[in-house]
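Colleague: Just dropping this structure here.
The values are calculated or read from the model by the stated rules, or taken from the named source; none is laboratory data. Predicted, not measured: the structure shown is a model, and the values here were computed from it. Heads up, the Cβs are rebuilt from the backbone with ideal geometry, glycines too, and the neighbour counts pull from every protein chain shown. In case anyone asks, the SASA skips ligands and DNA or RNA and just uses the protein heavy atoms, side chains included. Shrake-Rupley method; radii C 1.70, N 1.55, O 1.52, S 1.80 Å.
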Amino acid sequence: MSPVAARRLRLAALGCGVLCVLILIASGWVYARIRASLPQLAGSARVAGLGAPVTVERDALGAPTIRGTSRADVARALGWLHAQDRFFQMDLLRRSAAGELAELFGRKALPRDRATRMHGFRALSRKLLAQLPATERTVVEAYAAGVNAGLGTLGAPPFEYLLLRTDPQPWRAEDCVLVSYAMALDLQDASGRYERTLMTLRDTYGAESLGFFAPLLTPADAALDGSTAPQAAIPGPGVINLRATKVGWTAPASRGLAAARAAAPEAEFPFAPRDPEAVPGSNALALAGALTASGAGLLANDMHLGHAVPNIWYRAMFEHEGRRIVGATLPGAPFVVAGSNGQIAWGFTNACVDVSDLVVVETNSIAPTLYKAPGHADFLQIETRTEILQVKGEKPETVEYQWTLWGPLIGTNDRKRPLALRWTAHDPASMNLRLLDLESARTTGDAIAVAHRSGITPVNLVVADRAGEVAWTLAGQLPRRVGYDGRLPVSWSYGDRKWDGYLGSSEVPVVRGADSKLPGRIWSANQRQIGGDALGRLGDSAYAQAARGAQIRDGLATLTQATPRDLLAIQLDNRALFLAPWHRLLLETLSPTVTAAQEARARLRRLAETWEGRASVEAVSYRIVREFRQAVRVRVFSAIFAPCLETMPDFDWRRLNLEPALWALVRERPSHLLAPEHANWEALLTAAVDDTIAAIEKSKLPLPQGTWGERNRARIRHPFSGAFPFLARWLDLPADPLPGDSDMPRVQTPTHGASERLVVSPGHEAEGIYHMPGGQSGHPLSPYYRAGHAAWVRGEPSPLLPGAAMHHLTLDP
């Protein structure tokens, strides 16, 4: 080697060495900064504003027990802990409700911010905070001060801000209200899409079509009062005739089930894409003391939400002034959302009641920015509200929204008249923090009273008390409608149709255990809970079909002397009772003639014949039958609803309660509702079989190796793992095969399902059970980042009460 070459080689080696050293130094600095942001677990810390020292003990899962002398001190300590463990999650929640994500993430977050900023939740939160009673405001302000103290005590900001190259902003008391609005956005229809879907269906096929395609009551309902209704008649050829008009959307076999998923929403950065088959919901069930081993009421609750890292809930126990409250808290809020105080236990499900309406705005034919409103002799001017969206690294964006006195304009009807969204969330009077009072309630009657005066996103409350009583009612403020039922848009311009405040306590339905269709048993699975006049007051916002609720009801019917493990078994029930008729239909369709025509069909039949009857991880035929049902739905309804989709591109037929209609069509097989591409209904069903085969063959999970567990592997991800794929293995939870699916008690998809499982009898918390996906901490270096997750995956009973203290911390004034 020449001297020149040798010198170059030495320089290159030196350069590589220097580069490696620099990389090691940079990596070490980053690691040190990330490690510095770990929560403080032991020792002592000063928190200004405390009235007395507060002790915090953490068990082997990181669950804290907070002991203080006052509720305000406990709130301050909880805020401190939430900030230490979960501040970035809290920041995302408040920003998602305020429409301020682009300040952190830049232009990618603008579409979500534009949609959210329309509601003006930041300003509403300030108004609500100003009108809170002194006791509630004291708790909220103490919590917010605790959050900022906890954030400031960290050795470095949470690691996400290091990656974003920005600093976290202080927590404000109003941000606690924004967290409540974030839940409203997650659980409710903030765009009027469901009502616009019903409107479009009516405008296309007439009002009578709603009874068949979007029934409020069906023969197989699982309401607490036992109310049902006969199946509506199939619309005749005078209403819909696909054969005569050639109308319809075709779904050739080459596309298979892709059509069913075509409407899947894109990712709403920085959050994962929503699962198109998942709807926010929950299970809650309760047994009266006469049916339990302890003699106290027994409650179970699993709230179904999108999965992410960290999990939405934060488990905690409070002790103050002789009280003990244990359960799930929401980082960003100062109270237990679902849990037990030793006298009552409570849980929630999404109520699917109607708390928003579309108002047809009557505008001036000459000046369309003027509109007619009752009580005003002259036309009113449509208001323009301007919002400035801050964008990281770029100039701010100005967005304008058109508002009426009823709410923002969100679209038009078939006559091109504007539609305004009237939503309880836009009224500060509909929100408050009186849910705090559940912590001191002693009976189901107390809890019902709290529910009726509380201001939260309207939800079903299921409650059990120590004396053995159980009950269901609704929590949150519900509009009192005058002159219409709220299911379809109407004009409010003449004063004969309106909201007249909110329902009083006597108008909100209550079902106690003794009054249930199955005495002593309460169940809620997002289905319609009640009929009659009460249903007229509550309205409809896309109730879940009844199969899951019915399976829970029937599981409760068999129980006496029940223990928490018995209710956990119902929560984990993955039997596919809903799909059993579809399995029979598939085998009937795969007749000798059909299977003889294609070997792939014969192979599918052989695999489908052994029916596992449940969505277990090893199931093969379950996956086949599930795909077949979906293929039939797409083949049938894509043609029928094609004109609706032409009128309204986001027409959401998947939220309609279509199962009764689908079975009526499959049984009676009317030719006028058969897409023209099929010679007969047998041909449609055979095409659905071929769609099933194509969908399975196109997937990376061919049968028989592609079990349901392989198809249903967990995708529980940190918001940053998509933007930083090299961090995914460090940030995300394992891709475990998961049992369960929709339409059964164990609701589970890869990205959606039980965000917690709670089972408890008040006064017997030591026997209680608690699960949640992921761990307590949002810090990947924490021992509590994944702690407890395996028990959630396997469904193994784990205790509700925190275990032996592993760490002791004192917060001093």
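Colleague: Could you check Val179 against (1) aliphatic (A, V, I, L, M); (2) in contact with a strand residue (DSSP E or B) (Cβ under 9 Å, 6 or more places away or on another chain); (3) at pLDDT 95 or above and say which number it fails?
Modeller: Going through (1) aliphatic (A, V, I, L, M); (2) in contact with a strand residue (DSSP E or B) (Cβ under 9 Å, 6 or more places away or on another chain); (3) at pLDDT 95 or above one by one, Val179 breaks only (2).
Colleague: Of the numbered conditions (1) surrounded by fewer than 17 Cβ atoms within 10 Å (Cβ to Cβ); (2) farther than 30 Å from Gly795 by Cα, Thr610 satisfies every one except a single condition; which is it?
Modeller: The single condition Thr610 does not satisfy is (2).
Colleague: Being closer than 20 Å to Asp302 by Cβ, in contact (Cβ under 8 Å) with a residue 40 or more places away in the chain, among the charged types (D, E, K, R) and open to solvent by 40 Å² or more (accessible area, probe 1.4 Å): is that true of Arg565 here? Walk me through how you get there before you give the answer.
Modeller: Numbers: closer than 20 Å to Asp302 by Cβ: yes; in contact (Cβ under 8 Å) with a residue 40 or more places away in the chain: yes; among the charged types (D, E, K, R): yes; open to solvent by 40 Å² or more (accessible area, probe 1.4 Å): yes.
Against the criterion (closer than 20 Å to Asp302 by Cβ, in contact (Cβ under 8 Å) with a residue 40 or more places away in the chain, among the charged types (D, E, K, R) and open to solvent by 40 Å² or more (accessible area, probe 1.4 Å)), Arg565 qualifies.
Colleague: Of all residues in the range 605-648, count the ones that are among the aromatic types (Phe, Trp, Tyr), free of Cβ contacts under 8 Å to residues at least 60 places away in the same chain and touching a Ser or Thr at 6+ places or on another chain (Cβ under 7 Å).
Modeller: Number satisfying all stated conditions: 1.
Colleague: Pick from Val74, Val54: which is over 31 Å from the mean Cα position of the chain (by Cα), open to solvent by less than 40 Å² (accessible area, probe 1.4 Å) and either modelled with pLDDT of 95 or more or within 30 Å of Gly120 (Cα to Cα) (or both)?
Modeller: Values: Val74 fails: over 31 Å from the mean Cα position of the chain (by Cα).
Selected residue: Val54, the only one of Val74, Val54 that is over 31 Å from the mean Cα position of the chain (by Cα), open to solvent by less than 40 Å² (accessible area, probe 1.4 Å) and either modelled with pLDDT of 95 or more or within 30 Å of Gly120 (Cα to Cα) (or both).
Colleague: Being assigned to a loop (DSSP other than H, G, I, E, B) and either out of contact with any helix residue (DSSP H, G or I) (no Cβ under 9 Å at 6 or more places or on another chain) or open to solvent by 20 Å² or more (accessible area, probe 1.4 Å) (or both) is the filter here; which residues of the range 148-173 pass it?
Modeller: Here is the first cut: in the range 148-173, the ones assigned to a loop (DSSP other than H, G, I, E, B) are 154-158, 165-172.
Within the range 148-173, Gly155, Pro157, Arg165, Thr166, Asp167, Pro168, Gln169, Pro170, Arg172 qualify.
Colleague: Now for a separate question. Out of the strands (runs of 3 or more DSSP E) lying entirely within the range 333-403, which hold 3 or more residues that are open to solvent by 10 Å² or more (accessible area, probe 1.4 Å) and modelled with pLDDT under 95? Let's see the steps before the verdict.
Modeller: Working: elements: 336-340, 344-350, 356-360, 383-389, 397-403.
Once the strands (runs of 3 or more DSSP E) in the range 333-403 are filtered for at least 3 residues that are open to solvent by 10 Å² or more (accessible area, probe 1.4 Å) and modelled with pLDDT under 95, nothing remains.
Colleague: Quick check on the range 791-804. Is at least one of its residues assigned to a loop (DSSP other than H, G, I, E, B), open to solvent by less than 20 Å² (accessible area, probe 1.4 Å) and over 25 Å from Arg324 (Cβ atoms)?
Modeller: Yes; the residues of the range 791-804 include at least one that is assigned to a loop (DSSP other than H, G, I, E, B), open to solvent by less than 20 Å² (accessible area, probe 1.4 Å) and over 25 Å from Arg324 (Cβ atoms).
Colleague: Tell me, which residue of the range 138-147 that is more than 13 Å from Arg46 (Cα to Cα) and among the small types (Gly, Ala, Ser) is surrounded by the fewest Cβ atoms within 10 Å (Cβ to Cβ)?
Modeller: By that ranking, first place goes to Ala144.
Colleague: Report, by residue number, each residue of the range 203-217 that is under 19 Å from Gly536 (Cα atoms) and part of a loop (DSSP other than H, G, I, E, B).
Modeller: Within the range 203-217, Ala207, Ala214, Pro215, Leu216, Leu217 qualify.
Colleague: Quick check on the range 619-647: of everything there that is in contact with a Leu (Cβ under 9 Å, 6 or more places away or on another chain) and outside any helix (DSSP H, G or I), which residue is nearest to Ala608 (Cα to Cα)?
Modeller: Only one residue fits best here, namely Val620.
Colleague: Still on this structure, I have one more. Out of all the residues in the range 406-436, which are open to solvent by 40 Å² or more (accessible area, probe 1.4 Å) and out of contact with any Ser or Thr (no Cβ under 8 Å at 6 or more places or on another chain)?
Modeller: Across the range 406-436, the qualifying residues are Leu409, Thr412, Arg415, Lys416, Ala429.
Colleague: What pairs can you find where one residue is in the range 750-773 and assigned to a loop (DSSP other than H, G, I, E, B), the other is modelled with pLDDT of 95 or more and β-branched (Val, Ile, Thr), and their Cβ atoms are less than 7 Å apart, with a gap of 6+ or different chains?
Modeller: Within 7 Å, the pairs are Ser755/Ile312; Ser761/Thr292; Pro762/Ile344; Gly768/Val759; Gly768/Val760; Pro773/Ile716.
Colleague: So which of Arg746, Arg729, Arg715, Arg786 is open to solvent by 10 Å² or more (accessible area, probe 1.4 Å), part of a helix (DSSP H, G or I) and basic (Lys, Arg)? Full working, then the answer.
Modeller: Working: Arg746 fails: part of a helix (DSSP H, G or I); Arg715 fails: part of a helix (DSSP H, G or I); Arg786 fails: part of a helix (DSSP H, G or I).
Answer to the check: Arg729.
Colleague: All but one of (1) under 16 Å from Gln40 (Cα atoms); (2) open to solvent by 10 Å² or more (accessible area, probe 1.4 Å) hold for His764; which doesn't?
Modeller: Failed condition: (1).
Colleague: Return the pair list, or none, for Cβ contacts closer than 7 Å from residues in the range 93-109 that are in contact (Cβ under 8 Å) with a residue 24 or more places away in the chain to residues that are among the β-branched types (Val, Ile, Thr) and not in a helix (DSSP H, G or I), at least 6 apart or on different chains.
Modeller: Correct list of pairs: Ala102/Val391; Leu104/Thr166; Gly106/Val391; Arg107/Val391.
Colleague: Given the conditions (1) at negative phi; (2) open to solvent by less than 10 Å² (accessible area, probe 1.4 Å), and given that Gly476 satisfies all but one, which numbered condition is not satisfied?
Modeller: (1) is the only condition that Gly476 fails.
Colleague: Another question, then. Which residues, taken from the range 105-147, are within 26 Å of Gly393 (Cβ to Cβ) and among the polar types (S, T, N, Q)?
Modeller: Thr116
Colleague: Looking only at the range 578-593, how many residues end up being surrounded by 18 or more Cβ atoms within 10 Å (Cβ to Cβ) and farther than 27 Å from Gly549 by Cα?
Modeller: Here the count works out to 2.
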